[in-house]
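**Q** I'd like to ask you about the structure that follows.
The values are calculated or read from the model by the stated rules, or taken from the named source; none is laboratory data. Bear in mind that the values here come from a model prediction, so they are computed numbers and not experimental data. With ideal geometry, Cβ positions are generated from the backbone for all residues, glycine too; neighbour counts draw on all protein chains shown. Remember, those area values only see protein heavy atoms, side chains included, never the ligands or the DNA or RNA. Shrake-Rupley method; radii C 1.70, N 1.55, O 1.52, S 1.80 Å.
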4 protein chains.
Amino acid sequence: MIKVGIIGAGRIGRVHITSITTRVPDAVIKTVADPFLNDETAAWAKSMGVEHTTKDYREIINDPEISAVLICSSTDTHSPISVEAIKAGKHVFCEKPIDHDIAKIKEVIDALKGTNLKYQVGFNRRFDHNFESLQQAVAAGKVGKPEIIKITSRDPEPPSIDYVKVSGGMFLDMTIHDFDMVRYLAGCDATEVYVQSANLVDPAIGEAGDVDTAVITLQMENGAIAVIDNCRRASYGYDQRAEVFGSDGMAAISNDSQSSTVISNAEGVTGEKPMFFFLERYMDAYGKEVAAFIDAIVNDKETPLNVYDGLKPVLMGLAAKKSSEEHRPVKISEIME
Amino acid sequence: MIKVGIIGAGRIGRVHITSITTRVPDAVIKTVADPFLNDETAAWAKSMGVEHTTKDYREIINDPEISAVLICSSTDTHSPISVEAIKAGKHVFCEKPIDHDIAKIKEVIDALKGTNLKYQVGFNRRFDHNFESLQQAVAAGKVGKPEIIKITSRDPEPPSIDYVKVSGGMFLDMTIHDFDMVRYLAGCDATEVYVQSANLVDPAIGEAGDVDTAVITLQMENGAIAVIDNCRRASYGYDQRAEVFGSDGMAAISNDSQSSTVISNAEGVTGEKPMFFFLERYMDAYGKEVAAFIDAIVNDKETPLNVYDGLKPVLMGLAAKKSSEEHRPVKISEIME
Amino acid sequence: MIKVGIIGAGRIGRVHITSITTRVPDAVIKTVADPFLNDETAAWAKSMGVEHTTKDYREIINDPEISAVLICSSTDTHSPISVEAIKAGKHVFCEKPIDHDIAKIKEVIDALKGTNLKYQVGFNRRFDHNFESLQQAVAAGKVGKPEIIKITSRDPEPPSIDYVKVSGGMFLDMTIHDFDMVRYLAGCDATEVYVQSANLVDPAIGEAGDVDTAVITLQMENGAIAVIDNCRRASYGYDQRAEVFGSDGMAAISNDSQSSTVISNAEGVTGEKPMFFFLERYMDAYGKEVAAFIDAIVNDKETPLNVYDGLKPVLMGLAAKKSSEEHRPVKISEIME
Amino acid sequence: MIKVGIIGAGRIGRVHITSITTRVPDAVIKTVADPFLNDETAAWAKSMGVEHTTKDYREIINDPEISAVLICSSTDTHSPISVEAIKAGKHVFCEKPIDHDIAKIKEVIDALKGTNLKYQVGFNRRFDHNFESLQQAVAAGKVGKPEIIKITSRDPEPPSIDYVKVSGGMFLDMTIHDFDMVRYLAGCDATEVYVQSANLVDPAIGEAGDVDTAVITLQMENGAIAVIDNCRRASYGYDQRAEVFGSDGMAAISNDSQSSTVISNAEGVTGEKPMFFFLERYMDAYGKEVAAFIDAIVNDKETPLNVYDGLKPVLMGLAAKKSSEEHRPVKISEIME
């Protein structure tokens, strides 16, 4: 039985606590730490069977019984806590992104060197039934050699302007999932990014120095061209589609809705909207990613998404940001230097 | 070049005139006869290149230049004009049904005996792209041995009560197309019919002695069970679907709409309604059935739907009517006696 | 916290044990009883947190700490154990069917009289996201007054012949779910049943006195006509569709598949098959029905499916069997007498 | 009755001859001219009711009876014959593109100045039922303000290398239709183009100096971003989809297939491939565009696609070519200078 500590009991921390409690028999949560811990959170954690709650994450880092840590705290703490946890000999599951700063991610990479610790980054969409099935179809050669990869990724509604300001920008906050997905589907890295972006949803987003709408083109190492379209607001809900076109065919996935009910009447033939947002759409994927992390520890396997899988989408995001600002194609190698 | 006479210049007569003019290069319409012929109709016929118009269909019957006749007049005239035309040595395309009276249909059968004349009945749906493709899939063994055949056939709106009164009842007027379709898809005849019917759409239909809603179960000679559901009114348009389930799979067809446009918004994901009614939905099929008739004459082939294909659905319709009235399964053989 | 006993640790018993353990925080399983209990089952139950296992279900019946019982044992034990449990003052969740014998079901009804005990029957499909959404659409008036209700229910493969022999026949074993669904969707009872049935899948099923393919027509109290089509074998998987057509429109649900992946290539445009069978398709519904049962106890509410909801589909099944055998429409009232 | 001359009796010339003959009652074809006219073509034209055939298109230009000319000859002749025809006072329908050389198109524009002649360019897709319906939905505000416009346009198979060499390159030959469609859907012009292109389908295409796969991003005047993805070969047929995403929703169209037949079996749930290529897919649109041209003449209306609608996509195509070669975003204004 793996004893686990959870750092950060916000929205996503609670998702992972629930998953481990109900779906991961090989793990038990010993401690939940959150700097803003209050009675309500503590009571909820107890009701989920968590032994101990604290405001100080170092109680987890310093607990020799705890062998694995899930870092669900704010983005700026991801890399320093990762390094601390690794140094304390803990396996680490870290929410995305590891950091907006490449140098900080390299510190995590350095910390991992020479250890046998597992490190997994929280790109949950790889564990979604649709994306996983799509990737398997591509990997099995069902479409031949990939030539065009398309991802549509639109949020139902923009985050608060306060969040936008600290988010690192749309490319590092939102598109980063799509960058990971492009790598997953293509089975290789991108070499160059071009961004056409705009501020169409809310002027306040532009005033905060960010964009909210973009079409991002990527040259992939294997010759394929990838294209992502993003918007921070889709009136019909969370739009999460993808398509891989290749020499022998095309594989595509569409949105999930709550039910398949279709109503035909004088107005038309109407089905349900896509599920509202990531918590509805990817709840099962969150469970599977954590189960995979625990499985990697228990059975001493590679984590499905290692620290380099955490690094690469950040490089792509920084290149995208540069492309958006300088209005030219930017090579990933420009960022790595 | 086949010279053709059209008897009846109502809605369906005009459809056939248009088809022959624009789509059947081997045929030309010499004469159009309609007892209610007026200046507008005559002018329209001229504009379509028709040489001659008349109120007297016998001008067609007696014209030695005319080798083929299309009977598009009122139902009660179908069988007597068929007999007259056959006796005059004409090939005949007759709108459905040949007659509501089996004895009258037998007179047509008798008239055809010993001649080499072509006779085709106007069950247009066999020429529709969806139904034709479905039948071909079944005939090609794509579903294995047929076991359950399902047809949904609902009109967008009921006919006038005046029409209901002379229609012969829903089973002979509307379901008759579905009875033909069941035979076409199953590749065999029905042996028994059971009807569960109701008057739900408009009390006036019930007062006129008819039903407007029904589920009709048929035992087919090849062991399959067929089921048709009918309604005289579907708020979303003309509902024309079918499904054949068999030992190795299922083949199904869905409705056609004017375009594939789907709009996703806060209300849902909405596609277009099915095309409104038979003139919109089956226009192409009307053209193909007439082309097939002319082709049968020009190349001395069997018509795709002969006089027996006209007889059988009437037998099924009469059995259905009896089942509806006597509330019991009725064998087709009870009607034939 | 409700203490629960599970009687029967076969396939469906394990489903309920898992559901309660992982999804129903208000209940805990104290004892699992199974006459064929072996070490493997006992170990599995322990791993799920079950305190006690036994071969003797009376240990549950006689345990004053246990307030609710789930009866998941063989069909012939459902009604006697129900009566015993009720007499011992337990709330009861009973798998379908309560019994094949109406008199035995009436004993359960009699036992419940005067008590305040909850009784729920395991028609799990009402808790499925698709069927629930369809029912809500109909109940909300989205299709107007229901006129035609259609259910397609086909199993991927037939049960063993040994099972067929004790199953009570297809109508009581398989169609019974569809009979419940017809009641749920129509919001009323059936008054009459007509069955057209056949033995097409496997001659051994016919030799065992059963049918494997059927089209079942039902007259509903509210005037609607319902039609169910069943087959014990569908090569493409578990086919679970429904459609409600009414005066203002139609609502329909289609099958669920594992993912939305569609592959387009030279052979066509291919999506996934429906999920294989009930354990894959309805796992979530099983969880929700048990949660609803516990909720009814905890909050003293009506169970969503009471003992009469268990009785009615058996009446329909017996009427269907009679109709199949006597080849005539059979009134439900004929069975109740 | 408009007398028409057809210049060029190749594949597309024959399509227009057929359309005018069967679908455009207000026009009659007097003369068909083709430099490669042979007996077969002449006989076919006669069978379609064409009075006269010739190798010399000047017989059409010089015929005072002919008031409208359709230019369906090779691309290099489009602009000079346009100018000749205009000078002879003829209305002109010209196949796309008018020319690859902007200066030549300007000669056509100059020739039209001061005349009241109709000039229409053959961007047939605007007349397709799906694209027309999509444009109408957008124009009617169904998606709010357009933000992202996506077009997928893939041919089933590449043209011959000989054709590739004279085609002007993929952007002027194939993408030009998509450039027109972007303008049609956005309701405005593009200001900038960025191309990510590759030679993935056939090395011979690259050796001929062309690309065969591309993702093209466009900045539109109204703020929307458009993205086109092209490939010269799709194993599943002609892929013609589009989507317009806006502030209030999304409208999307999908491919047409020959029928709606879907087969479910042990391999999956399989529908038909899209229709093979443009002649199958757009036959109806070809008829409607020519009817619109004749209608513009007869009723003295604007043609739906005037000479500027012919010019703009060529500008976009030249900008795309430049972007592909120079690997940078290219403003449309760079081409116009």
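**Q** Compute the signed sum of charges (Lys and Arg +1, Asp and Glu -1) over the other residues within less than 13 Å, Cβ to Cβ, of C:ASN130.
**A** -3
**Q** Now, a different point. Could you work out which residue, out of C:LEU318, C:LEU70, C:LEU37, moves most in a Gaussian network model of chain C, that is, has the largest mean-square fluctuation with Cα springs under 10 Å?
**A** In this elastic network of chain C, the residue with the biggest mean-square fluctuation among C:LEU318, C:LEU70, C:LEU37 is C:LEU37.
**Q** Using each residue's phi in segment B:199-210, evaluate 6.51 cos²θ - 1.76 cosθ + 1.60 at θ = phi - 60° and report the 3J(HN,Hα) Karplus result to the nearest Hz, with x for Gly and Pro.
**A** Values per residue, Gly and Pro as x: 10, 10, 7, 8, x, 4, 5, x, 5, 7, x, 10 Hz.
**Q** Just reorder D:MET48, A:MET336 by solvent-accessible area, largest first, 1.4 Å probe, all chains present.
**A** A:MET336, D:MET48
**Q** Net charge near A:ARG183, counting Lys/Arg +1 and Asp/Glu -1 over other residues with Cβ under 11 Å of its Cβ?
**A** It works out to a net charge of -3.
**Q** Considering only DSSP beta bridges with both partners in chain D, what is the antiparallel share in %, to the nearest 5?
**A** Antiparallel bridges: around 55 percent, rounded to the nearest 5.
**Q** Total Å² of accessible surface buried at the B-D contact, 1.4 Å probe, nearest 100?
**A** Chain pair B/D: roughly 1700 Å² of buried accessible area.
**Q** Please compute the modelled spin-label separation between D:THR54 and B:SER47, points set 7 Å along Cα→Cβ, answer in nm with one decimal.
**A** So the label points at B:SER47 and D:THR54 sit 3.3 nm apart.
**Q** Under the rule of at least 5 residues apart or a separate chain, name every residue whose amide H is placed under 5 Å from the amide H of D:PHE93.
**A** Those lying under 5 Å, H to H, from D:PHE93 are D:VAL69, D:LEU70, D:ILE71, D:GLN120.
**Q** What distance in nm separates the two pseudo spin-label positions at A:ASP101 and C:LEU37, each 7 Å out from Cα along the beta-carbon direction?
**A** With each label point 7 Å from Cα toward Cβ, the separation is 6.1 nm.
**Q** Sticking with this structure for a sec: Under unit Cβ charges (Lys, Arg +1; Asp, Glu -1), what dipole magnitude, rounded to 20 debye, does segment B:1-159 have relative to its Cα centre?
**A** 600 debye
**Q** Hey, got the average number of other protein chain Cβ atoms within 10 angstrom for residues in B:192-200?
**A** 5
**Q** Still on this structure: At 7 Å along the Cα-to-beta-carbon direction for both B:SER333 and A:SER247, put a label point, then send me their distance in nm to one decimal.
**A** Each label point lies 7 Å from its Cα, and together they span 6.4 nm.
**Q** What pairs in A:LYS113/A:LYS150; C:LYS30/C:LYS165; B:LYS30/D:LYS55; A:LYS150/D:LYS165; C:LYS118/C:LYS312; A:LYS106/A:LYS322 have C-alpha atoms more than 24 Å from each other?
**A** Over 24 Å Cα-Cα: A:LYS113/A:LYS150; C:LYS30/C:LYS165; B:LYS30/D:LYS55; A:LYS150/D:LYS165.
**Q** Under the rule of at least 5 residues apart or a separate chain, name every residue whose amide H is placed under 5 Å from the amide H of B:ASP212.
**A** Amide H to amide H, under 5 Å and 5 or more residues apart or across chains, B:ASP212 pairs with B:ALA198, B:ASN199, B:LEU200, B:VAL201.
**Q** Across peptide D:231-241, what mean number of C-beta atoms from other chains lies inside 10 Å of a residue's C-beta?
**A** Per residue, the number of nearby Cβ atoms from other chains is 5 on average.
**Q** Roughly how far apart, in whole Å, are the Cα centres of segment A:153-198 and segment A:95-109?
**A** 16 Å
**Q** While we're looking at this one, here's another question. Can you spot the aspartates and glutamates whose alpha carbon is less than 16 Å from A:LYS145's alpha carbon? Ignore those fewer than 8 places along the same chain.
**A** A:ASP189, A:GLU221, A:GLU243, A:ASP248, D:ASP202, D:ASP212
**Q** How large is the accessible surface of D:TRP44 in square angstrom, using a 1.4 angstrom probe and rounding to the nearest 10?
**A** Using a 1.4 Å probe on the heavy atoms, I get roughly 60 Å².
**Q** Distance check, please: which entries in B:LYS142/D:LYS273; B:LYS96/B:LYS288; B:LYS331/C:LYS331 exceed 20 angstrom between their Cα atoms?
**A** B:LYS331/C:LYS331
**Q** Heavy-atom accessible area per residue, segment D:2-117, 1.4 Å probe: how many Å²?
**A** Dividing the accessible area of segment D:2-117 by its residue count gives 43 Å².
**Q** Using modelled backbone amide H atoms (1.01 Å from N, in-plane), which distant-in-sequence or interchain residues come within less than 5 Å of B:ARG233's amide H?
**A** The list, which skips near neighbours in sequence, is B:ASP155.
**Q** Moving on. Just for the protein assembly as shown, what percent of DSSP beta bridges are antiparallel, to the closest 5?
**A** Once the DSSP bridges in the protein assembly as shown are tallied, antiparallel ones form about 60 percent.
**Q** Follow-up. Tally up the carbon and sulfur contribution to the accessible surface of segment C:80-160 as a whole percent, 1.4 Å probe, everything protein left in place.
**A** Its accessible area is 49 percent carbon and sulfur atoms.
**Q** Related question: Please state the relative contact order of segment A:21-168 as a whole percent: Cα pairs under 8 Å, 6+ residues apart?
**A** Rounded, it is 14 percent for segment A:21-168.
**Q** Another question, then. Given the rule -39500 (n - 2.57) for each run of at least 4 DSSP H residues, summed and divided by the residues of chain A, what is its mean residue ellipticity at 222 nm, to the nearest 500 deg cm²/dmol?
**A** Computed ellipticity for chain A at 222 nm equals -11500 deg cm²/dmol.
**Q** Please compute the average number of Cβ atoms from other chains found within 10 Å of each residue's Cβ in peptide B:249-257.
**A** Per-residue shielding by partner chains comes out at 6.
**Q** For chain C, what's the relative contact order in percent, using C-alpha pairs closer than 8 Å and at least 6 residues apart?
**A** Once normalised by length, the contact order is 20 percent.
**Q** Among residues other than B:SER47 whose Cβ falls under 12 Å from its Cβ, what is the net charge (Lys/Arg +1, Asp/Glu -1)?
**A** Computed value for this residue: 0.
**Q** Let me ask another. Could you give the size of the charge dipole of the protein assembly as shown about its Cα centre, using +1 on the Cβ of each K and R and -1 on the Cβ of each D and E, expressed in debye and rounded to the nearest 20?
**A** Dipole of the protein assembly as shown, to the nearest 20 debye: 0 debye.
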